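See structure below.
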Amino acid sequence: MGKNLTRKILEAHLAEGRLVPGEEIGIRIDQVLAQDLTATQAFLQFEAMGLKRIRCKVAACYADHNVLHFKPEHMEDHLYLQTASRKYGAWFGKPATGIGHQIHLEHFAIPGETVLGADSHTPHCGGVGMFAVGAGGLDVAIAMAGGPYYFDTPVMVRVNVTGELRPWCTAKDVILELLRRLTVRGGKGKVFEFVGPGIKTLNAQQRVTVTNMSYELGATTSIFPSDELTKDYYRRLGRLDDWRDMLPDPDAEYDETLNIDISKIEPLIALPSLPDKVVPVREVAGTKVEQVMVGSCTNGSYTDLQAVARVMKGRRVHPEVYFFLHPSSRTDLEQLAREGYVTDLVAAGVNVAEPTCGACIGFGHVPAPGTKSLRAINRNFNGRSGLTDDQVYLASSETAAATAIKGVITDPRDLSKELGIQAPRAELPSTISQENPNLIPPADERAAARIEIHHGENIRPAPVKGPLEPVLAGVVLIKVGDDITTDHIIPAGADIVGYRSNIPKLAEFVFHRMDPGFSLRAKEHGGGFIVGGDNYGQGSSREHAALAPMHLGVRGVIAKSFARIHHANLVNWGLLPMTFANPVGYESIEQGDDLEIQDVRGLLERGAETFVLRNKTRSKETQVKVDLTPRERAYLLAGGKLAYVGQHPLH
Ligand code: MIC
Ligand code: SF4
């Protein structure tokens, strides 16, 4: 029986368990990455474990989200991260080095290795044949300490790609097409492995766009083989020594198959406010937009920006449109500048902003109420742009450029017909320099001993919850619907992210944009429960969406279903995730109801999978289920994974 690529990499890294879909495995992690919003907690947790030096092959921390330093504590976070990185043995990307995923790809990605990232878009490096997975900060801290990463063996899906993209149709349209078909829940528990003749028509950067955004399917990750096209990319990087052939066997077996003929794909667009609300661009063409953005880890590369520059050359941004872009790599920006593309963009009236996440996460360029924004990025969750009830559309960079010229949503194919503009080809830079003045190497062990870590005022120790109580009781603090994102639970935005390393302060903002009274109510009740719909906790990997509710005394979340990373984060921080045994259970509970689970410790210890939830207010009982491995039960009993690791140190 031939092996697929995912199986080959997992087998080579297997530390515990069997590769049977749904069964828990532990894998060895070669590389870790984190970014400024998640890394402060990860490093604080690493310090709390009492370790002196990072034990995985490569660790990198990127200051890519909060780089404008609107407040003094923002720079303090970076000084903490820079000193901690150097001391413990991680690379540090200074602000405006670029977006971590792209910098990691350019400098460290190695086909066939594993990378665990404290960011949901870590599947980025899957585009060059890495097994690249996003996780909460604590899981990354444990990987830094040399511990395995535990997760359920994914269902391995063969995505058979045929055909070739037509002019003006892009890799972004490929992933939008998959979102259209599968939705934001369709990838849960799965790895999408892209194979077939069509992948030979997609260069490494195009592949990366697909794997990066595959997380929006809720997938564990996705991966392309490392082949001759990957080799070509490593040649341009000047890192041929890091390249290796990583292919599935010709007769490889998969659990499922999906076919996609990319020659049938047309320019697509996700409507506000979920990445799976996908329709052809021509269905909404003519809609007036006031703002256009190109950037993020999905669309900020040289390839995207060169395409935009080619479209904009000699033309002008529509007078009623604000068009800005955030490159994803300083190196790529430098190359674009050397080749004159930046000049073309600036001459056309495009605002070339700094190479960071920027407006993707609501840092700047917040749309005005009532306006529409078209963005070549990966997420359009409501409120993420910084405006509650925003109207953000997601499309390719080419569609963005066409829209910026015309002032209304435009199918880029019309540019050829109306303005005689030739469709840009997806090109890679001829060279991608490894000279990076902003990427600071770790200190050697001797020098590290002398480095004082900069612990600013805002950097508070990693919190730990006490052991699980015998009876779990409290009121329902909030009841929410389906597809609630971690952006809803703990919003981003410049006013809030500065407190990522200060959980007591951050906790004031839980559900802030949806229900500003939540935190106060939780405090008044001394905590309680959250009730959610399907896919609760999708989106960002931020463990703060568990940590901050934990600080407010939230004891458990009862939902119809959970997103993978958030489920793990709840367990990691000692909050019990439960699902309704019967969907009507959701209807029977309202905000304010008083709930109780008797003998919860005993139930967990005995391995029970169904618990009785007593609704004291309505004198009713509801069955709830838990989907927990023995290891996760032990974490919950201890009061979370950090508490558990404190009792069972990693060797
Ligand atoms: C995001 O895109 O939402 C983020 C900001 O990159 C997050 C991480 C975070 O919230 O710190 C993610 O995707 O995991
Ligand atoms: Fe940054 Fe946006 Fe990518 Fe998250 S999705 S890492 S905020 S660019």
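Using amide H atoms built in the peptide plane, which far-off residues or other-chain residues are under 5 Å from GLY98 H to H?
Counting only residues 5 or more places away or on other chains, the set is ARG330.
Along segment 207-212, what does the Karplus equation 6.51 cos²θ - 1.76 cosθ + 1.60 (θ = phi - 60°) give for ³J(HN,Hα), rounded to whole Hz, x for Gly and Pro?
Going residue by residue, I get 4, 5, 4, 5, 5, 3 Hz, with x marking Gly and Pro.
Convert 25 °C to kelvin, take the viscosity as 0.890 mPa s, use the Kirkwood radius over C-alpha pairs of the chain as Rh, and evaluate the Stokes-Einstein diffusion coefficient in µm²/s, rounded to a whole number.
Details: Rh = 24.8 Å.
Reported coefficient: 99 µm²/s.
Using amide H atoms built in the peptide plane, which far-off residues or other-chain residues are under 5 Å from GLY134 H to H?
Here GLY117, THR122 satisfy the definition.
Once R0 is set to 30 Å, what does the formula 1/(1 + (r/R0)^6) return for the Cβ-Cβ distance between ASN259 and LEU79, expressed as a FRET efficiency to the nearest 0.05?
Numbers: r = 51 Å, r/R0 = 1.69.
Working from the Cβ atoms, E equals 0.05.
Once every DSSP H run of n ≥ 4 in the chain is given -39500 (n - 2.57) and the sum is divided by its residues, what mean residue ellipticity at 222 nm do you get, rounded to the nearest 500 deg cm²/dmol? Mind dumping the intermediate values first?
Details: 26 runs with 209 residues, N = 651.
Computed ellipticity for the chain at 222 nm equals -8500 deg cm²/dmol.
What order do you get for 160-171, 375-386 when each peptide is scored by the mean count of other beta carbon atoms within 10 Å, highest first? Display every interim value, and only then the final one.
Values: 160-171: 20.2, 375-386: 24.9.
In decreasing order of mean packing, 160-171, 375-386 become 375-386, 160-171.
Counting only the heavy atoms of the protein chains, how much of HIS488 is accessible to a 1.4 Å probe, in Å² to the nearest 10?
Here the residue's solvent-accessible area equals roughly 40 Å².
For segment 87-101, just list the computed ³J(HN,Hα) in residue order, Karplus coefficients 6.51, -1.76 and 1.60, θ = phi - 60°, integers in Hz, with x standing in for Gly and Pro.
So the J values, rounded to whole Hz, are 5, 7, x, 10, 6, 10, x, 4, x, 6, 6, x, 7, x, 4.
Give, in nm to one decimal, the length gained when the segment between ALA15 and LEU520 is fully stretched (0.36 nm per residue of separation minus the Cα-Cα distance).
Numbers: separation 505, 0.36 × 505 = 181.80 nm, distance 4.41 nm.
Taking 0.36 nm per residue and subtracting the Cα distance, the gain is 177.4 nm.
Taking 7 Å along the Cα-to-C-beta vector as the label spot, tell me the THR371-ASN582 distance in nanometres, rounded to one decimal.
Computed distance between label sites THR371 and ASN582 equals 5.1 nm.
In the chain, with Lys and Arg counted as +1 and Asp and Glu as -1 at Cβ, which of these residues, ASN380, HIS69, LEU439, has the Cα nearest the positive end of the dipole, that is, farthest along it?
HIS69
About its Cα centre, what dipole magnitude does the chain give when the only charges are +1 on Lys and Arg Cβ and -1 on Asp and Glu Cβ, stated in debye to the nearest 20?
Details: 70 positive and 77 negative charges, 67 e Å.
In debye, rounded to 20, the chain gives about 320.
Which lysines have a Cα less than 19 Å from the Cα of LYS372, not counting those fewer than 8 places away in the same chain?
Those lysines meeting the cut-off are LYS277, LYS288, LYS406.
Under a Cβ-only charge scheme (Lys and Arg +1, Asp and Glu -1), can you give me the dipole magnitude of segment 358-461 about the Cα centre, in debye to the nearest 20?
Working: 11 positive and 12 negative charges, 50 e Å.
Value, rounded to 20: 240 debye.
Give, in nm to one decimal, the length gained when the segment between ASN351 and GLN623 is fully stretched (0.36 nm per residue of separation minus the Cα-Cα distance). Before the final figure, lay out each step's value.
Details: separation 272, 0.36 × 272 = 97.92 nm, distance 5.49 nm.
Once the chain is fully extended between ASN351 and GLN623, it gains 92.4 nm.
Going through the cross-link list LYS172/LYS200; LYS8/LYS641; LYS200/LYS264, which pairs have a Cα-Cα distance over 19 Å in this structure?
Values: LYS172/LYS200 17 Å; LYS8/LYS641 29 Å; LYS200/LYS264 16 Å.
LYS8/LYS641, as the Cα separations exceed 19 Å there.
If amide hydrogens are placed 1.01 Å from N in the peptide plane, which non-local residues have theirs closer than 5 Å to the one on TYR393?
SER373, LEU374, ARG375
Can you work out D for segment 313-420 in µm² s⁻¹ from Stokes-Einstein, where Rh is the Kirkwood radius over C-alpha pairs, the temperature is 20 °C and the viscosity is 1.002 mPa s? Don't skip to the answer; put the middle values down first.
Details: Rh = 14.6 Å.
In µm²/s, the coefficient rounds to 146.
What FRET efficiency comes out for the pair THR610/HIS69, r = Cβ-Cβ distance, R0 = 60 Å, nearest 0.05?
Values: r = 50 Å, r/R0 = 0.84.
The pair THR610/HIS69 has a calculated efficiency of 0.75.
Quick one: of the DSSP bridges fully inside the chain, what percent are antiparallel, nearest 5?
35
In terms of Cα to Cα distance under 20 Å, which lysines are near enough to LYS523, apart from those fewer than 8 places away along the same chain?
Reachable lysines: LYS465, LYS479, LYS505.
Return the sequence-ordered ³J(HN,Hα) values of segment 47-55 in whole Hz as given by the Karplus equation 6.51 cos²θ - 1.76 cosθ + 1.60 applied to θ = phi - 60°, using x for Gly and Pro.
5, 4, 7, x, 8, 9, 8, 5, 10
Report in % the part of the accessible area of the chain that belongs to carbon and sulfur, leaving out ligands and nucleic acids; probe 1.4 Å.
The C+S portion of the solvent-accessible surface of the chain is 50 percent.
Taking a cut-off of 18 Å, what percent of all Cα-Cα pairs in segment 140-292 are separated by more than that? Don't jump to the answer; show the numbers that get you there.
Numbers: 7396 of 11628 pairs.
Tail fraction, whole percent: 64.
Between ALA448 and LEU650, take the C-beta separation as r, use R0 = 25 Å, and let me know the FRET efficiency to the nearest 0.05. Kindly include the intermediate steps, with their values, before the conclusion.
Working: r = 20 Å, r/R0 = 0.79.
So, using R0 = 25 Å, E works out to roughly 0.80.
Between ARG181 and GLU23, with labels modelled 7 Å along Cα→Cβ, what's the label distance in nm to one decimal, could you check?
Reported label-point gap for ARG181 and GLU23 is 3.0 nm.
Which residues in segment 25-53 have a backbone N closer than 16 Å to a point placed 7 Å from the Cα of ALA634 along the Cα-to-Cβ line?
Under 16 Å, as judged by backbone N against the label point of ALA634, lie 25-27 of segment 25-53.
The values are calculated or read from the model by the stated rules, or taken from the named source; none is laboratory data. Keep in mind that what you see is a predicted model, and the values were worked out from it rather than measured. All Cβ positions, even for glycine, are placed from backbone atoms using ideal geometry, and neighbour counts span all protein chains on display. For accessibility, only protein heavy atoms count, side chains too; no ligands or nucleic acids. Shrake-Rupley method; radii C 1.70, N 1.55, O 1.52, S 1.80 Å.
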